[in-house]
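Novice: Before I ask anything, let me first share the structure, which is written out below as structure tokens.
The values are calculated or read from the model by the stated rules, or taken from the named source; none is laboratory data. Because the structure is predicted, anything quoted here is derived from the model rather than measured. Cβ sites come from the backbone with ideal geometry, for glycine too, and all protein chains shown count toward neighbours. The protein model used for the area step is the full one, side chains on, heavy atoms only, and it has no ligands, DNA or RNA in it. Shrake-Rupley method; radii C 1.70, N 1.55, O 1.52, S 1.80 Å.
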Amino acid sequence: MPKSRSKRVPVTVLTGFLGSGKTTLLNNILQDDSHGMKFAVIENEFGEIGIDQKILSENVNEEVIEIMNGCICCKVRGDLVDALKRLYQKVETFDGVIIETTGLADPAPVVQTFFAETNDGADSLEKMYKLDSVITVTDAKYIIDRLDEEKPEDTDNEAEQQVCFADKIILNKTDLVTDEKELANIETRLRSLNPQAPILRCQHSQISPKELLNIGAFDLERVLEFDPFFLGEFKQPRHDQSVSSLSTKVDGEVNMSLLDNWIRRLLHDDGEALYRYKGIIAVKGMEKKFIFQGVGHFFSGTFGGQWKNTEKRESAFVFIGKNLSTEMLKAGFEACREMKELRFSIGTNVRANVGTYKLGKVIDQWDSGNAYRIRLRDGKEIFAPVDINEYVRAA
């Protein structure tokens, strides 16, 4: 039985298309002692024989667990969970885990593993590990060709998805592109797919490990620091009309009940098309910020970070996905905003819906994000989450 720990082990997912320089980057990390950290590595190959394990430097002490005959993201996702649980028993010997996916992998199922494995047992993945970041390595010479590659109908472009899921993008092999204008155009293309991920240029996969490891990109509290708006409002990329992103800020506060229903409906209807999303929401009646992010159908949100008295209460969010209706997303969020004055003041007698309408009195407004707190005639207190007749009406 693994012993309990107050600190979960951070996991970095290293992805990128075939030949982009992932294994070279991994070797550089393992041979660089400047970061002072020790990592376990899950090395993933597509095929019967593991080549990358042989390429990896033999003089490092990190344990290499290779999942054979298929990629982590599809056929052997269960083995990924098993490998991580086996590694946990040696967790005192390292500071993190690096998962290098095959170049043919869609990173989404790997990422979703850390959202999905959330049972209450002591050996649940959630209690052992926390997803730290997704790092995508791109080849400056060929990345545009990869992104422009035509795929069969109903087949996703893996290179495109790897860029969309990245928390940081490594633009490698820049020495092979000597024209600065061409490099700038490549970065513009990458930002059209993922406007929030920083792009770091490098040659021969030489980049400081501190830029990649334990950066907390999936930490909900760190979402407070993100600024997806340095590019302004999203513009549809010319090259791929199917992949888009929406980043926006909205003044005012939202009703938590309406927001929750909207998110649930959005994930149910469009979860498969959502690559990444995150946001900071101002909820009416709450002094803390609602921070959320997710991948596909897997969503996580919590209240954290106090609104300052001098801070403007506004909401900001980013969605990246395929065939997104940006107007529908904006309209859906707008419908959650709470702009009008409440109909009933404190002390007003009302009829509250508890299956049938019963008499009561409004004793508070915007308590824990609910429009009303009502005390019924029998002394029981209930919430009316939204100021509509379906929840509460005049006495």
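Novice: Taking region 191-213, which residues are of a type in the set (S, T, N, Q) and surrounded by 15 or more Cβ atoms within 10 Å (Cβ to Cβ)?
Specialist: The answer is Ser192, Asn194, Gln196, Ser205.
Novice: Take the residues in region 26-45 that are assigned to a loop (DSSP other than H, G, I, E, B) and under 23 Å from Lys85 (Cβ atoms), then tell me which one is modelled with the highest pLDDT.
Specialist: My answer is Met37.
Novice: Can you confirm whether Lys322 is touching a Ser or Thr at 6+ places or on another chain (Cβ under 8 Å), at negative phi, surrounded by fewer than 16 Cβ atoms within 10 Å (Cβ to Cβ) and touching a residue at least 60 places away in the same chain (Cβ under 8 Å)?
Specialist: For Lys322, the condition - touching a Ser or Thr at 6+ places or on another chain (Cβ under 8 Å), at negative phi, surrounded by fewer than 16 Cβ atoms within 10 Å (Cβ to Cβ) and touching a residue at least 60 places away in the same chain (Cβ under 8 Å) - is not met.
Novice: In addition: Which one of these is open to solvent by less than 40 Å² (accessible area, probe 1.4 Å) and over 25 Å from the mean Cα position of the chain (by Cα): Ala352, Ala316, Ala394, Ala282?
Specialist: Ala352 is the lone residue from the list that is open to solvent by less than 40 Å² (accessible area, probe 1.4 Å) and over 25 Å from the mean Cα position of the chain (by Cα).
Novice: Of all residues in region 253-279, how many are assigned to a helix (DSSP H, G or I), farther than 16 Å from Ala331 by Cα and open to solvent by less than 10 Å² (accessible area, probe 1.4 Å)?
Specialist: Adding up the residues that qualify gives 1.
Novice: Could you tell me which residue of region 168-188 is farthest from the chain's Cα centre (by Cα), considering only residues that are under 28 Å from Phe298 (Cβ atoms) and open to solvent by less than 20 Å² (accessible area, probe 1.4 Å)?
Specialist: Looking at residues that are under 28 Å from Phe298 (Cβ atoms) and open to solvent by less than 20 Å² (accessible area, probe 1.4 Å), I get Ile170.
Yes/no matrix, rows are residues, columns are (1) among the acidic types (Asp, Glu); (2) modelled with pLDDT under 85:
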{"site": "Asp145", "(1), (2)": "yes, no"}
{"site": "Glu153", "(1), (2)": "yes, yes"}
{"site": "Asn157", "(1), (2)": "no, yes"}
{"site": "Leu176", "(1), (2)": "no, no"}
{"site": "Ile186", "(1), (2)": "no, no"}
{"site": "Leu220", "(1), (2)": "no, yes"}
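Novice: Ok, one more. Select from region 367-376 the residues that are part of a strand (DSSP E or B) and open to solvent by 40 Å² or more (accessible area, probe 1.4 Å) and write down the one among them that is modelled with the highest pLDDT.
Specialist: Arg375
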